[in-house]
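I have placed the structure first, in the form of structure tokens, so that the comments after it can refer back to it.
Every read-out reported here was derived from the displayed coordinates using simple, explicitly stated rules and does not represent laboratory data. This is a predicted model, so every value here is computed, not measured. Cβ placement follows ideal geometry from the backbone for every residue including glycine, while neighbour counts extend to all protein chains displayed.
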Amino acid sequence: MKKKALLVALLSWAVLNVFDPIAAGNDALRKALTFHASFDRVVDADFAAGSKQLYTATSYKKREDAKPGLHHPDVHLAAGAGRFGGALRFAKKNTKAVYYSAEKNVAYQPSDWNGTVSFWLSLDPETDLEPGYCDPIQVTDEDYNDAALWVDFTKDDKPRHFRLGVFGDLKTWNPQNLPPDKNPDFLRRLVVVQKTPFARGRWTHVVVTHKALGGSQGGVAKLYLNGALQGATPVISEPFGWNLDRAAIRLGVNYVGLFDDLAVFNRELSAQEVKALHQLKDGVKSLKP
């Protein structure tokens, strides 16, 4: 009987320690991670499959003057102000280019492109943002409507809506280059959240997942807030062609507020994984061994 009891105890220990579902889930997230910027001590990334450097330029159309580092009087590291440690604070409407290179940091491929982008925001959209659209993040090589993924706050709605936009090559989906607000093909690609959780002094977790963009059957993207699915785009059928030399993870386009814990993964995370990511006690740095 003593041997049987010992065997049961050993088996129980093995199940608890070898088949820990939380540890297994974190390991899967860790293996999929390609980029992480915690903003705890420096603006450069903590981990990157490509370049870790943050760049600043006059604008995205004039990137020939880009410099490594943060060279912006109204954007700075805010120690202790983040969801986890420090954060980037955009004190005034940002009209400059503040970005990381997307090459290798984003697992882009021209066909069947999969991935996930995760970050945290703290702001009151109604009082902090200045007039006009505001895109806390854009991932593109050209513009918001040309082979791009982004989230934005609308300019005219009261309260402002929060949207996910996903657009392939402009010449394919919008050959006449019609203005967005008068183009049904633009509007139908959006995921729109009318009642949002954003507030000053409160952190909101934003996650965008995407699967099979640029593929022969088309792809789909999803928007999550605080671990909960808000909606999915229709099938996006056009190609996504990038010039990797220009592809960038653009931060805080016209944004005012706090931005923290940016992470990029090389595949579409499941709904369960997005919830697990949202619940990490110390953010994405919890995934590191």
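Here are the numbers for this structure:
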read-out: Estimated inter-spin distance, residue 92 and residue 58, nm [label 7 Å along Cα→Cβ]; value: 1.8 nm
read-out: All lysines inside 25 Å of residue 275 as judged from Cα atoms, apart from same-chain residues fewer than 8 positions distant; value: 31, 195, 211, 222, 285, 288
read-out: Relative contact order %, the range 111-179, counting alpha carbon pairs below 8 Å whose residues are six or more apart; value: 23 percent
read-out: Zone of residue 74's modelled label, taken as backbone nitrogen in the range 94-136 under 19 Å from a point 7 Å along Cα→Cβ; value: 94-99, 122-136
read-out: Amide N proximity, the range 138-166 versus residue 126 label position 7 Å along Cα-to-Cβ, cut-off under 17 Å; value: 153-162
read-out: Mean-position separation - Cα centroids, the range 57-81 and the range 89-113, in angstrom; value: 13 Å
read-out: Relative contact order [Cα under 8 Å, 6+ residues apart], the range 142-288, whole percent; value: 20 percent
read-out: Selected from 136, 184, 159 as most flexible by GNM, with the chain as the system and alpha-carbon contacts under 10 Å; value: 184
read-out: Charge-dipole axis of the chain as Lys and Arg at +1 and Asp and Glu at -1 on Cβ define it, positive-most pick from 161, 60, 29; value: 29
read-out: Relative contact order %, the chain, counting alpha carbon pairs below 8 Å whose residues are six or more apart; value: 25 percent
read-out: Relative packing of peptides 254-264, 192-202, 224-234 - highest average C-beta neighbours within 10 Å first; value: 254-264, 224-234, 192-202
read-out: Nearby lysines by direct alpha-carbon distance to residue 92 (threshold 22 angstrom, same-chain neighbours under 8 apart not counted); value: 61, 62, 67, 155, 158
read-out: Rg/Rh ratio calculated on Cα atoms of the range 34-287 (Kirkwood radius); value: 0.93
read-out: On Cα atoms only, tilt of 2-18 relative to the major axis of the chain in degrees; value: 10 degrees
